[in-house]
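The values are calculated or read from the model by the stated rules, or taken from the named source; none is laboratory data. Quantities reported herein were computed from a predicted structural model and do not represent experimental measurements. Glycine also receives a Cβ, built like all others from the backbone with ideal geometry; neighbour counts cover every protein chain displayed.
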Amino acid sequence: MQLFVEQLINGWALGSLYALFGIGFGLVFSTLGILNAAHGTYASWAAIAGYYAVERFGVPFPVAIAAGVIGGGLLAVVVDQIGFQPLRAKKTGMLGALITSIAFWIILDSLAGFATGQQSLAFPAASYPNQMVVMGPLRVPQMQIITIVALLVCTIGIHLLIQKTRIGAAMRAVGWNEVAAALGGVNARMVILLTAFLAGATSGLAGVLGGISTSNVSFTLGEGLMLKGFAAVVVGGYDDVRGTAIAGICLGIIEVFVAQYISTSFRDGFTYMLLLAFLIARPRGLFGSASFVRA
Amino acid sequence: APAAGEYGVGFITENTGPLAAAGVSYHRGAQLAVDEINEGAWIGQGVKLKLNEKESGSDAARAVQALTQFSADRNVIAVTCCILSPVAAALKPVTTNAKLPLVIYGATLPGLPQPPYVTSVVGLPGPQEVKMSKMLAETLKPKTVAYFVNADNEGFQNRFKAAQKVMEEAGVKTAGVVSILSADTDFTAPATQAMATNPDLIMVWTTQTPAAGIIAALRARGYAGKISASDVISPAPVFKKIGAALAGVPFPIVFSSEISSSPEAKKFVEGYTKKFGEAPDTYSAQGYTSLYLIAQAMKSLDGKPSREDLAAALGKASAVEYNIYGGLPMVNGQAEVQNSLVAAWTADGKVVRWENK
Amino acid sequence: MRDAGSLLVLDQVVKTFGGVAAVGGLTAHVRQGSVHGLIGPNGAGKTTVINLITGLFHPSAGSIRFNGAKLEAMAPQDIAATGISRTYQNVRLFSGMTALEQVMTGCYLRRGVSLWSSFLGLPAASSAWRSTREQALHLLDRVAMAHRADELAETLSYGEQRRIEIARALGSDPKLLLLDEPTAGMNHSEAEAVGRLVHELRDAGLTILMVEHNMSLVTAFCDSCTVMNFGRLLAEGDPKTCIADPAVQEAYFGRKNDADRIQALR
Amino acid sequence: MLTVSKLSASYGAIQAVRGIDLQVKAGSLCVVLGSNGAGKSTTLRSIAGLHRPVSGSISLDGAEISRLPLHKVVRSGLALVPEGRMVVAPLTVEENLGLSAFAGRNADPELLDKVYTLFPRLAERRLQKAGLLSGGEQQMLAIGRALMTRPQMLVLDEPSMGLAPSIVDLVFQAIVALHREGQSILLVEQNAAIALSVCDYGYVMRRGQIVVEGTPDALKQNPEVLEAYLS
Amino acid sequence: METFLDLWAAYGSTVTFAMVNALFALSTYAVLSTGVLSFTTVVFAAVGGFLAAQLSGKFGLPLWAAFPAAALGGGFAAAVVAFAFLRLESHWMALASLALVLITRVTALNAPALTGGVNGLIVPVRVEPLELAILLALCTVVFWRLHRSWFGLASRAVREDAAVASTMGISPYRIQFIAFLISGVVGGLGGAALAFTLQFISPETYFIGIAFTMIASTVLGGSFHWLGPIIGAAVFTALPTTMQAIVPQIEDVAKGVVLLLIMIFLPRGLIDPRAWGLKKAAKLREETEAKRAAERDAHA
Ligand SMILES: Nc1ncnc2c1ncn2[C@@H]1O[C@H](COP(=O)(O)OP(=O)(O)OP(=O)(O)O)[C@@H](O)[C@H]1O
Ligand SMILES: Nc1ncnc2c1ncn2[C@@H]1O[C@H](COP(=O)(O)OP(=O)(O)OP(=O)(O)O)[C@@H](O)[C@H]1O
Ligand SMILES: CC(C)C[C@H](N)C(=O)O
Ligand SMILES: [Mg+2]
Ligand SMILES: [Mg+2]
């Protein structure tokens, strides 16, 4: 029983990372219409930024997190402005942006390799809360609690921002059609920057938190998050962050339990199988909304 | 000795991609060997080797392209490559067709070498693992062991099986086997799983990043028992990353810059440290050795040696004569492990012979 | 009874979207060889009716019969094959295609050869291709767009694109043509020209169902009409009588004609 | 108010507007007529910042706006009801109208009421996604959105297109009412009779050029206008 | 001659891989040209590749028999995939197909009897560049014919607006199903070609790398004409080799930058029929205007 509950929490925390990453990834997909292959590198770079902030400047934990979050956000903005902005006016649809994102993926990935000396690094144990919280028979690492809470806060915050505020409406509007939004007076460029930043920052947060709690800061960090975060987005229905959050958590839990009780070799296969079955049974995901264009 | 001149050796690098961390070490080891060989006129007066690099990123298709380009380059007389067995396997037919000798410096799938064109300077796993397991069974006297193993890496599965066999023969029960995948990064759940079996010893038979992550996760979750691992945790960056949690974890190793004490090893460590500002690791040692094997074969030839001649000489080698392992016999183009040690990190980051404390 | 001579019969057709009935039990008949107007206020459900007939939506209840076939469960392409063709209220041309290619695509159903033989380029297929091309050019000429045949349709103005759509719809040589506001965005004389084209087509044996907000066109060119409001039938019959109906007046018209309007605006 | 001089616009190598001059005086209502493909929409799109003109100047209240990005044009007080409506499909009707808050003015509940009073149909559909509205409903929404930015200069491209007669009446009553309140308006309209009955000044375009201009009375006498637009 | 042989020896393998990648790109283009973004080419390639490898390895099938078998295998896989996927909407389909690629790898890794598992398979047969060129040429002819046929017209219509196409009697399902079959056949051939080129394959051979190569090649070359994928594959394959020669230390970064620049300046790819169309339209427009002006003058 104790093992079961501990694994449940392990899975939940792991899934929270997937979800957090997925929220950022899904945000660009649903609002800006970009299937961004480079998104994983934002997480890698965020972790790297956080790591060097600690390593070089010995900053405290919250500052390291902030460095990762801001780093991820800024990187997303830069990529957007160099890679995606020039394509917007030219109406290339999803494909053009997909390819520039692949280009950025290649570039940022190999630069991240150089930045880490191709090594897998880790935050020094003293630089973050690394104790176990003891709750009766349960022992839970502090980082897991932080991760779980971070997802909760981000999900609620971003959901409210997008669905209930004017800025959120503007974000959705710009994603649909910049000109249409601008006709209402929306500064599409600013909104895009904001969206990109938010998406990069959220995934960046997943990157630093993941880098810290798994003792693994490397240029491949983002790729793992990308595959699972992507799955969370698909299952959750990409235009609703709540769906992504729930799906991500479930994914983490399923993964841990499959590995614990069934087989590690089939862990990923099992997860993706579930994903596919789910998609075919419910093509729009958990919360995916109905179409808004007429047939 | 062959005629004076510069002879190219193609080196397929893996300085980027998933194995770049080790790839850089292999590359550096080879660079150092070439420097030494040239400076000391090791092959013969005026005979120089030149390293031609092409990157593969551990991708088989890129490696094949690199190899065919080397084979088109008349100055290249031999090629050395490959950390991954599948990549090496993909190069095998190409290099045999092109009659270009290939020395494998990293991949350990049994059966890869095929003299004369394909030879390998890396010992197959087995003996070191057996030796360490016996030692651990005797000194620690564990009743149960839990194992971590890569579900997707045949090499480590073999090591795990060798170790498990020794342990069970010594009457040590298997408490549990936890599988992980090479690309995994989160090990809290596997650590929880292993700790739940309450073992006396945990043996970690996985690739580098998982091994480091598993040990870190076990200690972070408060596991205080014994852990052992493989030589993947021997490079300095691993200690730098994980720190004191690694201390006292035994691992088998054939070369250690701090323990190996033959004159060749000392010279290697000195030269490497001078050139690259850090001590060599087990991978740099392998890259280094592969170049010396080629040089040794060159040395035995006269005139203007052809690729075929060189291949024949490589295939005939019964040992790598100049090596830093204190002996490295070769059987059928395959190097064999002779002198392995059991080592461990100290809490302040030194590698020493392991003792049960 | 009245079904006799009707090419298209809608019987108690209902279409709801998430509880809201866009069409709420509509019954209507379109006589063979007539120009039938479908009019009603914005949001009355006219476009939805056209979407239901062409199979893009399926009715929640009721039946649609065309020439003896029951359309309500059929897929759009099968409905098209029975001889129904349409235009769209918001012009929907294929981007990247020239005007001629658009119309050729419209001719898909009467290409006369299998995909397979067209792939192999058999002589019969080539000659069929050429003759279809001729027909397409001819259709473009009918909507006065032949001079734009080889231009990308997306470079044309809105009104021009509407004409291409009409030509494309005629490509399949349909029995029933559904026009959704064909003259929107055209000026008086251009709209008249479309009206005359509609008459020519009818005289050539085509049946036409036309959604139109321009009442002078409806009275001038429609033989009969159906007036909808809130998804239901409000009135039907002769256009003039329909329009004179006080209920229709109330629901649909501010003023009857431009002169009255201008009067009111002063 | 709005002065357009020597405006040329093209799509790649296709010239759509060839050096036209056009003026809308403060508080006046101008109409542009022309057959399909004459270049009316291109002219309006250029004025409103949707399309970058090749040359020429466009000034609003003396300030040059031809190089401003679209949202700045809107914020400087010029609002367009575009051809093809361009409502934001995934947003609800109310959210679409609320976007105008970004035009620099706070969302004004009174204005919203006014739009809803003008188009009660929109009020009924308040929470429906704009993309699912009927054609006419979308047109109403496009007009409403423009009004919500409180423009000094309202530019309408065929606002009556797709609207039922009663709504056309409404729209024109609204246009006339706004005009009476002093709103400057530039209108492209295919129903020449009505357009000429409400405007102060009119232009007729053909093949990218202005071929006739004048007061409505003068235009009504013009044989070309008579034949093409008023018969 | 000597230098030519040298060049061929050095870059022959690049040409060979370019041809293999062209097959993958064409397979992707087959479905993309009907409006379906699908990564399942990787799956078809894996089926074709392992089938061909096993048939030639275990049963000694010669090349000319292994290729058709791979094509059949790919086609069959495509039929199954199309049946399951064609009910999904475009974005979801892209996502689902990516999931299928991931599943395929895991399945292949865990079916060592069929795929050799983590250790992969040695392929005893080799394909000569000339044979590969013939295969590619055959495929190209098929695409060229398709493009000029009713199928080509219908697939463009379906790509641009499936609903509208359906009301013109074109069945989007049928068109896309056929497209999937073609994609499967060509993808299977590509997978076999890769196996016979590398002479060693493992589940890792048919993974995300191919997915990115094929999609990047297609879009880079231009996804609106069959020539696009072929040109794109050539460029995309030659890029790393070229960059290695120019800037060996940062070849990956350089490759990314070049890719980026091409996309920014030619976002619809190197081959863009629409751009030709726009140019032509402008020219026609001028001619029409000139003719009309002449007529008017004649009247005056
Ligand atoms: N897919 C849909 N989902 C929800 N509501 C819809 C959908 N399609 C249409 N409606 C609603 O159904 C009603 C009827 O729409 P329809 O487009 O048929 O009207 P219409 O008579 O063609 O109007 P108009 O003259 O303005 O084009 C409208 O109120 C519209 O909002
Ligand atoms: N996107 C485009 N690309 C190329 N040419 C275009 C484009 N849009 C319009 N044109 C051309 O520019 C000219 C003017 O078009 P515009 O849309 O301004 O005409 P309009 O007067 O508004 O016509 P309508 O009454 O049909 O709306 C037309 O000849 C048209 O073919
Ligand atoms: C079903 C459709 C193709 C019609 C489209 N939804 C419209 O309202 O014009
Ligand atoms: Mg309608
Ligand atoms: Mg217009």
Over the range B:208-249, the set of residues under 23 Å from residue B:126 (Cβ atoms), more than 11 Å from chain A (Cβ to nearest Cβ) and not in a helix (DSSP H, G or I) is B:226, B:227, B:228, B:229, B:230, B:234, B:249
Could you list all residues from the range E:252-261 that are more than 7 Å from every other protein chain (Cβ to nearest Cβ) and surrounded by 22 or more Cβ atoms within 10 Å (Cβ to Cβ)? none
Tabulated pairs, the range C:180-196, first not assigned by TED's automatic domain parsing to the domain that holds residue C:52, second within 16 Å of ligand 3 (Cβ to nearest atom), C-beta under 7 angstrom, 6+ apart or interchain: none
Please state which one of A:76, A:47, A:19, A:38 is more than 23 Å from residue A:107 (Cα to Cα) and touching a residue at least 24 places away in the same chain (Cβ under 8 Å). A:19
Report, by residue number, each residue of the range D:140-163 that is within 16 Å of ligand 3 (Cβ to nearest atom) and hydrophobic (A, V, I, L, M, F, W, C). D:140, D:141, D:142, D:161, D:163
When you look at residue C:119, is it aromatic (Phe, Trp, Tyr) and at pLDDT below 90, yes or no? yes
Taking residue A:33 as the residue in question, decide whether it is touching a residue at least 24 places away in the same chain (Cβ under 8 Å), at positive phi and in contact with a helix residue (DSSP H, G or I) (Cβ under 9 Å, 6 or more places away or on another chain). yes
Residues of the range B:126-147 classified as under 15 Å from residue B:225 (Cα atoms) and in contact with a Phe, Trp or Tyr (Cβ under 8 Å, 6 or more places away or on another chain), total: 1
Reported set for the range C:170-181 where residues are within 12 Å of another protein chain (Cβ to nearest Cβ) and within 16 Å of ligand 4 (Cβ to nearest atom) is C:178, C:180, C:181
Assess whether residue E:183 counts as being polar (S, T, N, Q), farther than 30 Å from residue B:84 by Cα, part of a helix (DSSP H, G or I) and out of contact with any Pro (no Cβ under 7 Å at 6 or more places or on another chain). yes
Take the residues in the range D:131-153 that are more than 8 Å from chain C (Cβ to nearest Cβ) and in contact with a Ser or Thr (Cβ under 7 Å, 6 or more places away or on another chain); name whichever of them is farthest from ligand 1 (Cβ to nearest atom). D:152
Would you mind telling me which numbered condition in (1) more than 30 Å from residue C:248 (Cα to Cα); (2) within 18 Å of the chain's Cα centre (by Cα); (3) away from chain C (no Cβ under 12 Å) residue D:86 fails? (3)
Considering only the range A:48-63, I want to know if a residue exists there that is in contact with a strand residue (DSSP E or B) (Cβ under 7 Å, 6 or more places away or on another chain), part of a helix (DSSP H, G or I) and closer than 30 Å to residue A:152 by Cβ. yes
Please state which one of C:90, C:42, C:51 is within 16 Å of ligand 5 (Cβ to nearest atom) and within 14 Å of chain D (Cβ to nearest Cβ). C:90
Given the conditions (1) buried (at least 23 other Cβ atoms within 10 Å of the Cβ); (2) part of a helix (DSSP H, G or I), every one holds for residue A:227 apart from (1)
Here, helices (runs of 4 or more DSSP H) confined to the range D:37-150 with at least 2 residues that are surrounded by fewer than 23 Cβ atoms within 10 Å (Cβ to Cβ) are D:70-75, D:93-98, D:109-118, D:120-124
Subset tally (residues that are in contact with a strand residue (DSSP E or B) (Cβ under 9 Å, 6 or more places away or on another chain) and either at the interface with chain E (Cβ under 10 Å from one of its Cβ atoms) or within 11 Å of ligand 1 (Cβ to nearest atom) (or both)) for the range C:57-77: 1
Please count how many residues of the range A:192-223 are in contact (Cβ under 8 Å) with a residue 60 or more places away in the chain, within 14 Å of chain B (Cβ to nearest Cβ) and more than 22 Å from residue E:91 (Cα to Cα). 16
Taking the residues in the range C:7-34 that are closer than 20 Å to residue D:164 by Cα and touching a helix residue (DSSP H, G or I) at 6+ places or on another chain (Cβ under 6 Å) as candidates, determine which candidate is nearest to the other protein chains (Cβ to nearest Cβ). C:22
Listed residues B:106, B:111; which is part of a loop (DSSP other than H, G, I, E, B) and under 24 Å from residue E:244 (Cβ atoms)? B:106
Scan the range C:132-152 and tell me whether some residue there is in contact (Cβ under 8 Å) with a residue 60 or more places away in the chain, touching a strand residue (DSSP E or B) at 6+ places or on another chain (Cβ under 8 Å) and either away from ligand 3 (no atom under 16 Å from the Cβ) or β-branched (Val, Ile, Thr) (or both). no
Selection within the range A:96-127 - free of Cβ contacts under 8 Å to residues at least 24 places away in the same chain and more than 7 Å from every other protein chain (Cβ to nearest Cβ): A:114, A:117, A:126
Criterion violated by residue C:227 - all others in (1) more than 14 Å from the chain's Cα centre (by Cα); (2) within 16 Å of ligand 5 (Cβ to nearest atom) satisfied: (2)
Looking only at the range E:127-151, filter to residues that are out of contact with any helix residue (DSSP H, G or I) (no Cβ under 6 Å at 6 or more places or on another chain) and not in a helix (DSSP H, G or I); which one of those is modelled with the lowest pLDDT? E:148
Exactly one of these conditions fails for residue C:85: (1) under 12 Å from residue C:164 (Cβ atoms); (2) at the interface with chain E (Cβ under 8 Å from one of its Cβ atoms); (3) surrounded by 20 or more Cβ atoms within 10 Å (Cβ to Cβ). Give me its number. (1)
For the subset of the range E:192-209 comprising residues that are part of a helix (DSSP H, G or I) and within 10 Å of chain B (Cβ to nearest Cβ), which member is modelled with the highest pLDDT? E:194
Looking at C:153, C:136, C:146, which is the one that is touching a helix residue (DSSP H, G or I) at 6+ places or on another chain (Cβ under 7 Å), more than 8 Å from every other protein chain (Cβ to nearest Cβ) and surrounded by fewer than 21 Cβ atoms within 10 Å (Cβ to Cβ)? C:146
Give just the number: which of (1) free of Cβ contacts under 8 Å to residues at least 24 places away in the same chain; (2) touching a Phe, Trp or Tyr at 6+ places or on another chain (Cβ under 6 Å) does residue B:76 not satisfy? (1)
